[in-house]
Amino acid sequence: MQMMLSHSQNSIPKWCNATLIARELVAADIVLLRFEIVGASYVRHIPGQYYDLRIVLPGGVVSERSYSIANVPNEKGIIEFGIQLIEDGEVSPFLWNLTVGDVIDMRGPSGNFVWNPLEPKFACKHLILIGGGSGMVPLMSMLRQYVEMKKIEPQTPGLCQRVYVVVSAKSIATIPYHEELERIASKFPEVNLTITVTGDVLEEWKRYTKRIDEEVLREVLGDTSPANARIYICGRNRFIDTITSSLVSVGYSLGDIRTERFG
Ligand SMILES: Cc1cc2nc3c(=O)[nH]c(=O)nc-3n(C[C@H](O)[C@H](O)[C@H](O)COP(=O)(O)OP(=O)(O)OC[C@H]3O[C@@H](n4cnc5c(N)ncnc54)[C@H](O)[C@@H]3O)c2cc1C
């Protein structure tokens, strides 16, 4: 099978209809929604990009929010999201209540928070993915892309030698994509997985139990060289700002850090 990723898209994406074809939990507070886009509206995405989803709320109010794409680009017409439930939110509870067969409007793909291993400018020795909660969604697309390419085209020149995945969650139950992450890390020794749980933890949790800070990053990334790394951070503003300043203290330069802010 030949891997294909679209290169940067310059035109503004058009709204299209998408049908929900699957729904399942990937954490206690994150639901996976898989949609199928029918017809010519589908445009292949680059890992890290997002779609705008538009819904009509009871009373006729139209509301839009952005959601990152979780799947890899070679599933033609299929777009997968990971939506965190914000209890008092306007849009995420509506999306949580969708059932298979429902149709909504969406527009995409958009965004420059991307990792495209087929383009030489993205080549790196170490790929570092740091996500807080649902911030793992676009990073999953990148990690899944890495895994696909390792299986299908392992000789791709831009494919990194090591991948560091650092995840922060409030509880064990809300670790996003927990099973899949563990599975990938056990199958691919070059994938280094670190999970930190910041809230109350059960006895059996023997890993980090604090927020990601300079000390954690020094321990985890100790053997990477800032000169050879590409870093992607995704989550809420405070998470991104804290991690960015910790990385700078460790020696990474701002120019090598890409961020996607969820608000
Ligand atoms: C480029 C981009 C990609 C995004 N990708 C994703 C994604 O993959 N998955 C995902 O779940 N979200 C993602 N978001 C966030 C998403 O767009 C919404 O902001 C989020 O779902 C909340 O919308 P809402 O209408 O439910 O809540 P709102 O009605 O907008 O907000 C209700 C309350 O919740 C607070 N709030 C808003 N967002 C969060 C949050 N993330 N965590 C905690 N409190 C919050 C607000 O401050 C407010 O007090 C992304 C945002 C951007 C900009």
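Where a number appears in this text, it was derived from the coordinates with a stated rule and is not lab data. In this text, all values refer to a predicted model and were calculated from it rather than measured experimentally. No Cβ is skipped: glycine too gets one built from the backbone with ideal geometry, and neighbour counts run over all protein chains shown.
Electrostatic tally near Trp15: other residues with Cβ closer than 9 Å to its Cβ, Lys and Arg +1, Asp and Glu -1, net +1.
Projecting label points 7 angstrom from Cα along Cα→Cβ for Glu24 and Thr198 puts them 2.9 nm apart.
If a/c stays under 1.5 just call it rounded; otherwise compare a/b with b/c (prolate if a/b is bigger, oblate if not). Do that for the range 120-261, with a ≥ b ≥ c from the square roots of the Cα gyration tensor eigenvalues.
On the way: a/c = 1.72, a/b = 1.22, b/c = 1.42.
Taking the square roots of the gyration eigenvalues as a ≥ b ≥ c, the range 120-261 is oblate.
Quick check on the exposure proxy: order Thr99, Thr198 from fewest to most C-beta atoms within 10 angstrom.
Working: Thr99 7, Thr198 15.
Starting with the residue having the fewest Cβ neighbours, the order is Thr99, Thr198.
Note on the chain: antiparallel DSSP beta bridges, both residues inside, total approximately 55 percent of the bridges counted.
For Arg218 and Ala123, the FRET efficiency from 1/(1 + (r/R0)^6), where r spans their Cβ atoms and R0 equals 22 Å, is about 0.30. I'd like the distance separating the alpha-carbon centroids of the range 142-157 and the range 176-191, in whole Å. Answer, in whole Å: 14.
Longest stretch of the chain clear of exposed loop sites (GluC sites (Glu not before Pro), DSSP loop, at most 14 other Cβ atoms within 10 Å, sites excluded): 91-189. For a quick check of your reading of the filter: which trypsin sites (Lys or Arg not before Pro) in the range 69-148 sit in a DSSP loop and have no more than 13 other Cβ atoms within 10 Å? Hits after loop and neighbour filter: Lys76, Lys125. Annotation: the range 15-110 has a Kirkwood hydrodynamic radius of 13.4 angstrom, from the mean reciprocal C-alpha pair distance.
Sort the following peptides by mean Cβ neighbour count (other Cβ atoms within 10 Å, averaged over residues), highest first: 247-257, 44-54. All intermediate terms of the calculation are to be shown ahead of the outcome.
Numbers: 247-257: 14.8, 44-54: 22.1.
Most protected by this proxy first, the peptides run 44-54, 247-257.
Averaging the Cα positions of each part gives two centres, and for the range 98-116 and the range 21-38 these lie 11 Å apart.
Counting charges near Val250 (Lys, Arg +1; Asp, Glu -1) among other residues having Cβ under 11 Å from its Cβ returns a value of -3. P(r) tail for the chain: Cα pairs beyond 27 Å make up 36% of the total. How far, in degrees from 0 to 90, does helix 237-250 lean away from the longest principal axis of the Cα atoms of the chain, to the nearest 10? With both axes taken from Cα atoms, the answer is about 20 degrees.
Against the chain, whose longest principal axis comes from its Cα atoms, helix 136-152 is set at around 80 degrees.
Note on Cys234, Cys16: ascending count of other Cβ atoms within 10 Å places them as Cys16, Cys234, the fewest first.
Under the simplified labelling scheme, the Glu75-Lys170 pair shows an inter-label distance of 2.7 nm, with each label point 7 Å from Cα along Cα→Cβ. With respect to the cross-link table entries Lys121/Lys170; Lys125/Lys187; Lys14/Lys121, which display a Cα-Cα separation exceeding 31 Å? Those over the limit are Lys121/Lys170.
For the chain, the longest principal axis of the Cα atoms and the long axis of helix 178-187 meet at an angle of about 50 degrees.
As a check on your grasp of the helix formula, calculate [θ] at 222 nm for the chain: sum -39500 (n - 2.57) over DSSP H runs of n ≥ 4, divide by the residue count, round to the nearest 500.
Values: 5 runs with 53 residues, N = 263.
Result for the chain, helices only: -6000 deg cm²/dmol.
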